[in-house]
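Bear in mind that the values in this text are calculations on the coordinates, not laboratory data. As the structure is a computational prediction, the values presented were derived from the model and not from experiment. Note that each Cβ is placed from the backbone with ideal geometry, even for glycine, and that neighbours are counted across all protein chains shown.
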Amino acid sequence: MAAIGNRGTVTEAAGFKVEEDVNRLRGAMKGAGTDEAAVIEVLARRSIAQRQRIKEAYKQTVGKDLTDDLQGELTGNFENVVLGLLMTAPVYDAYELRNAMKGAGTEEAALIDILASRTNAEIRAITAVYIKDYEKNLEEDIDGDTSGMFQRVLVSLLTVRIDRDNIELSEYTHLDIYEAGEARWGTDEVKFLTVLCVRNRNHLLQVFKEYQKISGRDIEDSIKREMSGSLENVFLAIVKCLKNKPAFFAERLYKSMKGLGTTDSVLIRIMVARAEIDMLDIKAEFLKAYGKTLHSFIKGDTSGDYRKILLELCGE
């Protein structure tokens, strides 16, 4: 399994010895209590591919599942980070989507963060894993758990994106969006969906420029004026990810920690999912936008082993 990005804070550990890591983890869980520092040192400093090798070797050596053993030893947010690190990227995304929809209520932020930001190949991998792991169809679960135009946008992100890169482009797309929003009484959300969820990135970046010339407004401002709630959030996420994905995640991290309380589900999901992909760029965008380092924000907003493992993933 190759590294999944080249702008991550977590990279392949040099001199990796899988047997040594297995023994360290076994030792960390022996006797009363757990050596959390050893768990952090091993799992937060290895790539996803290396962690998969550790899991396999652990099962061969110990005859038990590493995830199950750690689950029995750890608790709370620290446990959630560790379990996330043991999954491959599509497995973790599928797991997060499943958790967002099972039980009462829906964590719409998880659906938006994942489906608006993943590439065509990543979406295909997630949907395949979802069927394999949960014996359910992701589109059907989204259909059953959401409604209205928000549901239609999420389903479109799942299905249309596959052909997005090959779609024939229209020179009138910027006019389509303008006429669907600013130029009419009421909003034609379907036209927004058709343009934002179907066209490829390069074309849409040009569309956004032309739209600003025609309307005198940034596309994000128009979405905020024309929509509200979950629909506004998903369309804004799509636009922000197209413009600058690391900046989108930096904003999500900032909002998860600012003010009273922390939205740990968002903080954990982004830190785990992006650590090996583009965390270096997310950190740079965070500093540029908020004048403080992501490291300092995490340090001031979390505590204990949870803080320690997040700071490892963040890097200095």
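Over every Cα atom in segment 227-273, the radius of gyration and the widest Cα-Cα span, Dmax, amount to 11.4, 31 Å. Note on segment 1-107: lysine pairs with Cα distance below 20 Å, sequence gap of 8 or more or different chains, count 7. Once the chain from Thr88 to Asp301 is taken as fully extended at 0.36 nm per residue, the excess over their C-alpha distance is 74.0 nm. Would you mind working out the magnitude of the charge dipole of the chain relative to its Cα centre, with +1 at each Lys and Arg C-beta and -1 at each Asp and Glu C-beta, to the nearest 20 Debye? Using only the charged Cβ atoms, the result is roughly 720 debye.
Computing FRET efficiency as 1/(1 + (r/R0)^6) for Ala121 and Lys258, where r is the C-beta to C-beta distance and R0 is 35 Å, gives about 0.60. Given R0 = 41 Å, the distance between the Cβ atoms of Lys243 and Thr67 translates into a calculated FRET efficiency of 0.65. Gyration tensor over the Cα atoms of the chain: the corresponding equivalent ellipsoid has semi-axes (square roots of 5 times the eigenvalues, largest first) of 38, 21, 18 Å. Excluding same-chain neighbours fewer than eight residues apart, the lysines reachable from Lys258 by a Cα-Cα span under 17 Å are Lys283, Lys288, Lys292, Lys299. Note on segment 1-122: Cα-only Rg and Dmax are 15.7, 46 Å. Extension gain for Lys30 to Ala14 (0.36 nm times residue separation, less C-alpha to C-alpha distance): 3.1 nm. The Rg/Rh ratio for segment 54-117 is 1.05, where Rg is the radius of gyration of the alpha carbons and Rh is the Kirkwood radius.
How would you classify segment 194-263 from its alpha-carbon gyration tensor, with a ≥ b ≥ c the square roots of the eigenvalues: rounded for a/c under 1.5, else prolate if a/b is greater than b/c, otherwise oblate? Taking the square roots of the gyration eigenvalues as a ≥ b ≥ c, segment 194-263 is prolate. Neighbours of Tyr306, meaning other residues whose beta-carbon lies under 15 angstrom from its beta-carbon, give a summed charge of -3 when Lys and Arg score +1 and Asp and Glu score -1.
If the Kirkwood radius is taken over C-alpha pairs of segment 227-309, then at 4 °C and 1.567 mPa s the Stokes-Einstein diffusion coefficient equals 97 µm²/s.
Between Glu135 and Arg45, the FRET efficiency estimated from the beta carbon spacing at R0 = 35 angstrom works out to 0.50.
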